[in-house]
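The values are calculated or read from the model by the stated rules, or taken from the named source; none is laboratory data. Fair warning: this is a prediction, and the values are worked out from it, not measured in the lab. Here the Cβ is made from the backbone with ideal geometry for all residues, glycine too, and neighbour counts use every protein chain on show. With ligands, DNA and RNA removed, areas are computed over all heavy atoms of the protein, side chains included. Shrake-Rupley method; radii C 1.70, N 1.55, O 1.52, S 1.80 Å.
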Amino acid sequence: MLTQAHPPIAAPRSHSSLPDCLMLPTGETSEVLPESAGRRESSVMSSGYESSGRTPWRESSAMSSGYESGEVQMCHTVYPWHSNHLGELSAGQLLTWIDITACLAAERHAGVACVTASVDDIQIEETARVGQQICLKAKVNRAFNTSMEVGIKVSVEDPLMNITRHVCTAFSTYVAKPAGGKKVILRPVRLQSAQDHLEYSLAAERRRIRLYHEDAYNNLMEDGCAFYDLDWENDSNKISTDRTCVESIELVLPPHANHQGNTFGGQIMAWMESVAHISASRLCHAHAILKSVDMFKFRGPSTVGDRLVFRAIVNNTFQKSVEVGVRVEAYNCEEWTAGRARHINSAFLIYQALDNKGEQILFPRVKANSKDHIRRFCGAIARRKIRVARKYILSSKPEKPISHPWDKGNQTYLSYNNIAALTVLAAKSGWELSSTIQNIKIFTHDENDVLSIKVEMHVKVHPRQAYLLLSDLGLRPNWDIHYLSCEVIETAGEDDKIFYITCPPVKQSKSSDFITLMSRRIPYKTGDPYVIAMRSVTLASYPPSAEYLRGEVQCAGFLIYSLGKDSCQVCYLNQLTSGIIPYVEENLTGWSNSIEDTACACIRFLETAKVYTTLL
């Protein structure tokens with residue numbers, strides 16, 4: 001039920017325990033690699049060996065660093081036969097190298113043959129051209145009894161320009177599969193550096209998300225009506241995806257398999273990418289570029305002599321990207337004659353395309369006529385919602401402080417910046433519908449590693465009344481469960497005030513607090529919205545305390561548009577930060593409707609409130 005990836009490599013046996021100061025989960029221990037470890041090698045690819053009682057030896061510390069850290073490295077020069085028509089490294093070749101490098105790291109740790117069980121989302125950030133060099137580094141982050149997570153970092157080096165750029169980071173799960181099928185309990189991972197400890201901790205969170213991925217997807221699909229989009233329904237330019245259907249067959253030969261005869265997982269991924277690329281290109285009438293691969297599992301094995309049938313079709317489009325689904329079925333000779341297929345894998349690949357000027361192509365909306373088309377159409381929306389959420393929830397990139405000091409010298413600037421930032425955020429193109437219920441639409445925007453959300457609410461109340469109620473943050477605990485308290489701590493005129501806000505704990509023992517500047521503006525002319533903007537500032541009189549976790553707001557607020565005398569559209573926007581994401585994480589991953597519930601509470605409050613504001 002899993003796909004064999006590479007021949008086995010023996011693992012080192014040296015072991016010592018971690019210092020007592022590091023707390024590990026019950027039942028797990030960690031090992032520290034001895035300073036003296038390694039063996040002379042003549043290849044650019046690292047590999048592991050077992051020592052027969054003697055300490056392994058190396059010529060120099062520069063050559064021994066990869067071995068001592070348990071890291072496997074692979075380096076390749078990109079030649080024309082690795083590239084596509086544009087002279088860039090083909091995505092299929094990249095996926096193959098990732099799988100091989102990761103499997104070598106897994107087998108080095110396990111000491112027996114390993115198989116690819118699953119692959120997490122892969123976001124491809126950079127391309128490599130012919131003549132440049134691809135460097136892959138793989139290492140086991142954590143072992144979970146019989147499975148282990150391997151992290152892979154890929155970079156591209158230009159030898160002429162002396163520049164190195166990050167291509168992608170991937171996480172794969174491997175299972176030990178020794179000859180004879182005997183179950184193997186994996187030894188703990190040796191933790192040496194602070195980065196090792198960080199990845200060890202994050203691996204547990206990534207594993208939790210993998211285990212709940214299918215449930216999260218099913219939760220979203222059960223609420224299929226949330227994907228209904230009136231604009232899509234009324235679009236008369238939707239096109240059929242029938243022409244994007246691609247079918248291709250491959251015969252598994254010995255070069256495609258390991259010594260046990262099982263097909264390499266990387267080879268299957270390369271074949272899947274090939275048919276998916278053709279499908280996406282047929283839709284956009286241009287050469288598509290792979291940008292990401294959705295999380296997937298290998299459902300079963302295939303062996304030498306199997307016929308693998310690949311079927312690809314476009315599932316849905318998202319303005320500047322398109323999702324292609326690929327299904328892989330395997331047949332041996334008897335099954336081929338009888339027409340009995342084994343479903344061994346399904347994957348979903350996301351492409352973009354460029355025009356002659358290098359600008360991203362906007363994809364047309366697609367039709368969803370049949371029951372199967374609707375299932376694939378809604379499934380793509382659900383997967384995108386989960387994929388975007390995972391990208392930011394699991395991000396370990398450090399954030400720079402975003403709060404600016406509030407003083408008399410910069411009050412005017414900060415107030416202007418507050419209003420301008422919200423206006424610019426609302427005007428951005430590329431907002432994707434995430435879900436919709438009566439009178440409420442939720443959108444997400446993912447650009448340059450920044451995730452934003454937008455909630456549109458139709459409210460039966462005069463826009464000025466909504467403006468006065470929402471700009472008084474002291475009233476917000478009446479409808480927003482994420483606000484414990486909110487009080488004015490400094491005033492800079494009628495329309496600029498600083499609030500001290502406390503929020504309940506989420507996934508931590510402490511509550512959070514925020515120092516937030518609220519700036520509000522009435523419309524300058526008919527058609528302009530009422531604006532209520534919020535961002536974090538710092539006040540010397542309110543330093544962070546041990547009682548709370550100090551959070552920050554990058555850009556948030558409300559735009560209120562008049563729809564008539566007693567009706568308006570309230571648009572809430574938030575550019576998410578690490579301090580905000582925990583409060584919307586379960587909604588983004590499909591485990592709750594907290595954003596929808598809060599929006600409903602906001603509408604009820606605005607339509608039934610008996611008081612205008614406490615700020616007057």
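A 1.4 Å probe, protein heavy atoms only, puts the accessible area of I289 near 40 Å².
Could you sort out which of K182/K391; K371/K460; K320/K441 sit more than 29 Å apart by Cα distance in this structure?
Beyond 29 Å: K182/K391; K371/K460.
Counting 0.36 nm for each residue step from C333 to D528 and taking away their Cα separation leaves a gain of 63.3 nm.
The Rg/Rh ratio of the range 458-616, with Rg taken over Cα atoms and Rh as the Kirkwood radius over Cα pairs, comes to 0.96.
Straightening the chain between H166 and N356 buys 65.9 nm, computed as 0.36 nm per residue apart minus the Cα-Cα spacing. Within the range 430-459, which residues have the backbone N less than 11 Å from the label spot 7 Å out from S567 along Cα→beta-carbon, could you tell me? Under cut-off, by backbone N: 458-459. So what is the diffusion coefficient of the range 126-217 in µm² per second by Stokes-Einstein at 4 °C and 1.567 mPa s, using a Kirkwood Rh over Cα pairs? Reported coefficient: 84 µm²/s. Expressed per residue, the C-alpha convex hull volume of the range 338-486 stands at 267 Å³. Short-range pairs are left out: with C-alpha atoms under 8 Å and at least six residues apart, the relative contact order of the range 408-503 is 14 percent. Around C168, with a cut-off of 9 angstrom between Cβ atoms, what is the net charge of the other residues, counting Lys and Arg +1 and Asp and Glu -1? With Lys, Arg at +1 and Asp, Glu at -1, the neighbours total -1. Seen from all directions on average, the range 92-177 presents a Cα convex hull projection of 5.7 nm².
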